[in-house]
Each structure stands twice: as C-alpha cells, then as structure tokens.
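Quick notes on the structure that follows.
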Protein chains: 2
Amino acid sequence: MKPLRSLINGRAEAELSVTSRLQYGDGLFETVAVQDGRLLLWPEHGRRLAASSARLGLDPVDPMALKTEAESLAAGVGLAILKVVLVRGAVGRGYRPEAAPTDRVLTLWPWPSGSRFKKRAPVFWCETRLARQPLLAGMKHLNRLEQVLAQREFADPYWEGLMRDTQDWVIEGTMTNLFAVERGALTTPILDQAGVVGVMRERVIVRARELGIGVHFDRLTKDRVMEADEVFLCNSVIGVRPALDLGRGPRRPGPITAMIEEALRGGGDAVVL
Amino acid sequence: MKPLRSLINGRAEAELSVTSRLQYGDGLFETVAVQDGRLLLWPEHGRRLAASSARLGLDPVDPMALKTEAESLAAGVGLAILKVVLVRGAVGRGYRPEAAPTDRVLTLWPWPSGSRFKKRAPVFWCETRLARQPLLAGMKHLNRLEQVLAQREFADPYWEGLMRDTQDWVIEGTMTNLFAVERGALTTPILDQAGVVGVMRERVIVRARELGIGVHFDRLTKDRVMEADEVFLCNSVIGVRPALDLGRGPRRPGPITAMIEEALRGGGDAVVL
C-alpha cells in the first residue's frame, strides 16, 4: 500500500535519503484524522509536536508552514489519515545530532477499513511490556519497536492490544489510550514513565469535565481495569471505542462511554461516520 | 555528508520509500570496519544480524546475498565504514508487521577523523539513562533515541559518553562496550536488561581467554568502574581504546588493555592504522 499523496519538506516526493535519521527513530509523529478537507484537532497535534520537539532538541519547525503543507495534502479529501513525521535533520553518520533543519514528511492514507475496526471486536492483553523511561514518556516518538512486538502477539478478531509496563502497570493500547469508568468517574493511567500522551486522551479529559464527569490519573492494575464498570480506548482516528471484552466475558457498551463519544463527535473532535 | 556508495536491496540507490518501517525504527544495524577491501569480523556481524532478526521476527535475509552485496561495496576500499541496516518490509500503514521481504540498506562511509577519536581524549558520564527492556536488550536495533539524547550531553574534548540504566548500573558507552580491569581480570556489564552485545566485545572476550585473562560478567556501579585498575571501551571501528579520564583525574594506558589491543590487531579483528 502506498500513500495517496506525500510531501517531503514541501515537495511532492515519496522518497527519503538513505542518510535520514529515521534510521535511529530520531523524531516524532502525529496521526491526524481528515474529514471533508478539515484537519481534526490540528492545534492539539501541532502543540504536541512543538513540545516534544523541544524535549528532543529538534530544530523547530515553522508551525504555519507545517499547517499549510498539511492543509494542501488534505484539500478536497472526504475521509483520510494524515501522518506527519518530523525527523531530526541529518548531517553525518553517527548518533550525535548536528545543526540541521528538521525534515517534514507528510503522507495521506486511505481511511482504515476491515474487521480490526469493528465496534464489537475484542481487545487483547499483550505480554510485551513497555520499558520505563521518563526521558521519552509521553511523546509520540519514532522508537516504536515495543508497539511492533506487541502487535505481533495478536491478530483478528482482536482489534487492539493493551500494554503494561515492566512493573505491570497498565499504560495504554498499542495505538490507543485507555480510560476506566468507576462509579461514574474516569481514571486514565499516569504516563510519566511510559506511554503516549494522546491528543484524543486530552480531548476526552476536556469533554468529560465539561459534562461534569470527574477525571483521575492513577496507576492501574490489570485486575482493576478488568473490574471497571466501563473501559474505553481512544485515539485521533477511532475517536472513542468501548473495550467490550477484556478477558472476563463480553460487556455491553456503557452510558459514560456513549456520553463522551457523543460529546467528542458533537464538538468536532472526532470523525462522524 | 553523503555515503561514498550505497546499495538498497542490491541496487545502487540512495533513497528509500516514505513507507519504510524505518519510521518505527523497526530493524537492526551493523557497523563494519573495512580495510583493504576486507570486511572485518563479517561472520560475527552476520551471526548477530541473523539472531536479532529472529528475535524481532524479521523475514530472514539470505546471508550469502548480503555478504556479496557488502563485498561489492567494500571492493577496492582502503579504509572505510560499512553500515548495514535491515528494515522490516513495509506493506501498509500502522505498527502491525505484515509478511514482506526485509529491506537491506548498505552504505559505505569515510573512516572517521578528528579529535573525537584521539587516543587521549576523556570520556563523559552521561545523565541520560537507558531503560530496562529485556525484550530489546542485547540487540543493535534502530530504536536509538536514548543514544541520541546521551550524545547531546557532551562535546569535544570528550570522545564518548558512558551510560547507566535507570537502576544506575553502568551498561556501556553510547557507541562502545565497556570492560573494567580488576586484579588482572576483566569484568564487563551483564546486558540482559539494556545495552548492545557488541561484536568487538565478543572478540575481546575470546582474545582475553586465549591470553589466559579471566573474564567476568557482573553489574557494575559507577564507583567500581572509577576505581578499576584499567577501563577500556571497544567497538568494531575503534577496536579497543583505553578510558583514561573517568572523572578522577587522568590515568596512563594500562598493560592489560595494551595486551588485548595487540591480540585483536594481530588476530585481524581490528583495523591496523
């Protein structure tokens, strides 16, 4: 599968130099939902890129230029996924960063289809653990071998795998963030040691508070997640999706999950299908 | 700086598709010293690639084809570095691996020069810690953000930075393995939680035993390393290099380090300059 369109540093190209620091995973990415030419949650994606760029010490990217490039790829598109990758500019060989403009790699992809995205599909508990690394925690960086290994563990009918860290705390899905609903309030894992602070996770927190639903941050065990009244997963593409089967038999979609989902769609945070 | 030559899947190309799974750091690499057209320690590099490919579940690469490609790049070359990158083959978007041939990316680079490789240059103690992740430990994989962040911490005159893990055990340099000499025997860190099992580290162990020098594997504290009689670092490019300044004043090159260095050069394991 090839992208529908791509832009590398503003040029309609589809190839990268063999010298790219992608070879160290030395960069960041965002996965942006596009509907009717609109880039959903673009300000949030842009803020995360800027904040993580500063943490990694990447040469800053002009946010207006990046937005213009993203909009040009999304123009006239009904439903698609825009992937934005920022890679530290390469000069020589070796790990040491040198002063060079950050590379911008934008690709537009068809909207996903198929059973992995079916609403009633179960989720899997992965054995692959996330390392605890506060220097990288929270960022959507390009060192993704743990997620790749975790995704090797499961296949259809599972649409997502849940990951714990090396101390067995539940952190997130391979491509989603997790919320547990307990006595009417949300709890989502603390992501100071591992995990990605997802853009949709941030929106869920905002929308929940607008609805008067409490939001807590905590360390969650697998047992606690399995015993929660409702569990849902979220990301920029799927919005919110109930986790209906966590290994203790199927559940029904819950009312809090439905309220959050409706608020996100109504607020323009998530795609309306 | 561009590579002197490059081969992608056997073709003399220098660009990669934007769909490459390099964007997840989903692969492995080797850094091979080339002298007079000869690929130093090629069997050892090849064995490590094969073993790590199996751990990551990469589609196996034909070792003879890879060797032929490497030799063709190295032919007629006096002194150079050959970088071999294997990347999981890409099919679609997303973390999940799909059946596809592994991409082979070979680049030939000029031999490094300059002050970073001066023999008497000091080494730095990095604050960047390595995460503990047994699923990735030992492999020379492409998730190298920790090394990039560590290399941002120091500059000339330091030629290398030493890294500890998140439990403060000394693991390795950003691009080298470490040996401490204590009472005539070598100790090198256990690499079951973090670090790269270096090809030159393996050769040092073999050569030491041939010389009747004991080799131990242990967890090492910074204090123990600083108090060792001798400390040396090694990799496929530099061979063995004494660490003469670990923050407690300069040392002289030690006799055990010199014996190991001579044995490696004499045995054809390391470049003779």
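Just so it is clear, none of the values below were taken in a lab; they were calculated from the coordinates. Predicted model only: the values in this text are computed from it and were never measured. Positions of Cβ are generated from backbone atoms using ideal geometry, with glycine treated the same way; all protein chains shown enter the neighbour counts.
Which whole-number percentage describes the relative contact order of region A:130-273, with Cα contacts under 8 Å and a sequence gap of 6 or more?
Once normalised by length, the contact order is 22 percent.
Roughly how tilted is helix A:42-56, in degrees to the nearest 10 and between 0 and 90, from the longest Cα axis of chain A?
70 degrees
Taking trypsin sites (Lys or Arg not before Pro) as exposed when DSSP calls them loop (any state but H, G, I, E, B) and at most 14 other Cβ atoms lie within 10 Å, what is the longest stretch of chain A free of them, the sites themselves excluded?
Counting at most 14 other Cβ atoms within 10 Å as exposed, the longest clean stretch of chain A is A:1-117.
Find the percent of Cα-Cα distances in chain B that exceed 31 Å, and round it to a whole number.
26 percent
Under 4 °C and 1.567 mPa s, how fast does region B:39-147 diffuse according to Stokes-Einstein, given a Kirkwood radius computed over C-alpha pairs? Answer in µm²/s, whole number.
In µm²/s, the coefficient rounds to 78.
Compute the helix-to-body angle for B:255-266: its Cα long axis versus the longest principal axis of chain B, expressed 0 to 90° and rounded to tens.
30 degrees
Every other copy gets compared here: list the nm distances from the A:P101 label point (7 Å along Cα to Cβ) to its counterparts, shortest first, one decimal.
In nanometres, ordered from closest: 3.6.
Would you mind telling me the antiparallel percentage of the DSSP bridges in region A:116-266, rounded to 5?
If I count the DSSP bridges inside region A:116-266, around 65 percent turn out antiparallel.
Averaged over every viewing direction, what's the projected area of the C-alpha convex hull for region A:207-249? Give it in nm², one decimal, please.
Mean projected area of the Cα convex hull: 3.9 nm².
Counting only other chains, and only Cβ atoms inside 10 Å, what mean value do you get across the residues of B:137-143?
Whole-number average of other-chain Cβ neighbours for B:137-143 is 4.
Averaging the inverse of every distinct alpha carbon separation and then flipping it gives the Kirkwood radius. What is it for region B:98-177, in angstrom units?
14.6 Å
Tell me the mean residue ellipticity at 222 nm calculated for the protein assembly as shown from its helices only (DSSP H runs of n ≥ 4, each -39500 (n - 2.57), averaged over every residue, nearest 500).
Only helices count here, giving -7000 deg cm²/dmol.
Under a Cβ-only charge scheme (Lys and Arg +1, Asp and Glu -1), can you give me the dipole magnitude of the protein assembly as shown about the Cα centre, in debye to the nearest 20?
That gives a dipole near 240 debye.
If you put a point 7 Å past Cα along the Cβ direction, how far is that point for B:E210 from the same point in each other copy, in nm, smallest first?
7.1
What's log10 of I(q)/I(0) for region B:147-273 at q = 0.09, 0.18, 0.20 Å⁻¹, Debye sum over Cα points only, no solvent?
With one equal scatterer per Cα and no solvent, log10 I(q)/I(0) is -0.22, -0.96, -1.20.
At a temperature of 10 °C and a viscosity of 1.306 mPa s, determine how fast the protein assembly as shown diffuses translationally according to Stokes-Einstein, using the Kirkwood radius over alpha-carbon pairs as Rh; express D in µm²/s, rounded to the nearest whole number.
Diffusion coefficient, whole number: 64 µm²/s.
Calculate the mean, over all residues of peptide A:49-60, of how many other protein chain Cβ atoms lie within 10 angstrom of the residue's Cβ.
Across A:49-60, the average partner-chain Cβ count within 10 Å equals 1.
So what is the relative contact order of chain A, in percent, for Cα pairs below 8 Å that sit 6 or more residues apart?
Computed value for chain A: 18 percent relative contact order.
Mind checking the angle between helix B:63-74 and chain B's longest principal axis? C-alpha axes, 0 to 90 degrees, to the nearest 10.
Long axis of B:63-74 versus the principal axis of chain B: about 80 degrees.
Taking a label point 7 Å out from Cα toward Cβ, give me the nm distances from B:Q167 to the same spot in the other copies, shortest first, one decimal.
Spelled out, the distances from B:Q167's label point are 1.3 nm.
Please report Rg (one decimal) and Dmax (integer) in Å for the Cα set of region B:2-76.
13.1, 36
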